[in-house]
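First comes the structure, then the notes that go with it.
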Amino acid sequence: ELYCVTKSCRTPHCVIYCVTDAETSRQWNVTRNESEQYPHTLIDELIMRFECPSPNNRWDKPLFSVLKDDQLNMVDISDALFEHKAPPPNQSTQSQPLSSTNFLYELDKTTQDVITSLIASQKTAVPGDKIKIPHTKEEFIFNRSVNLAELQRNRRQFIIYTKMHPVDDT
């Protein structure tokens, strides 16, 4: 998740892993102020669920592992944060462009008009007839009857797809 956030924010990152065993972690927890301690069951659950970072995973790179008495390599950490490019964003981390405020309303209204027109045209059409699509100059050849449920399902899929992949009409 943090890797996706850094991609989304277009900022470099690094992972600093404090290498310690479970027993040392429990001891450190006990030495904290009582108000800051994790309950024993919770610390055990956290230790059990913890997944060590791996230098083979792109989301864990660059990885700096530090033992209890080691000094941090501040030069390398600084270099990773300030001298390297951020991971490039992809579709899952980019914000969707804003569309006009009434875009969804217009899309909903137009697609409903198309469905209403298709249902009405099907009543009198025979296979091979051309059916005009409302709000366009387009026509299509009527091959088979389509029921309202199928048209509504396709309409919903189209609206969802359009929300996720807006058209840039600038």
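Points worth noting:
- Between residue 49 and residue 18, the simple spin-label model (points 7 angstrom out along Cα→Cβ) gives 1.9 nm.
- Given their separation in residues at 0.36 nm each and the Cα-Cα distance between them, residue 33 and residue 158 gain 39.4 nm when the chain is fully extended.
- Measuring how big the chain is from its alpha-carbon positions, Rg and Dmax come out at 28.7, 84 Å.
- Counting Lys and Arg as +1 and Asp and Glu as -1 over every other residue whose Cβ lies under 14 Å from the Cβ of residue 125, the net charge comes to +2.
- Entry note, the chain: the mean residue ellipticity at 222 nm calculated from DSSP H runs of n ≥ 4, each adding -39500 (n - 2.57), is -14000 deg cm²/dmol after division by the residues and rounding to the nearest 500.
- Between residue 16 and 64, the built amide H atoms are under 5 Å apart, and every one of these is 5 or more places off in sequence or on another chain.
- Each Lys or Arg adds one and each Asp or Glu subtracts one; over the other residues with Cβ under 12 Å from the Cβ of residue 84, this totals -1.
- Sites residue 67 and residue 10 - FRET efficiency at Förster radius 41 Å, r taken between beta-carbons, to 0.05: 0.80
No value in this document is a laboratory result; all are computed from the given coordinates. Note that the structure is predicted; figures quoted are calculated from it, not measured. Ideal geometry is used to build each Cβ from the backbone, glycine not excepted, and the neighbour counts take in all protein chains shown.
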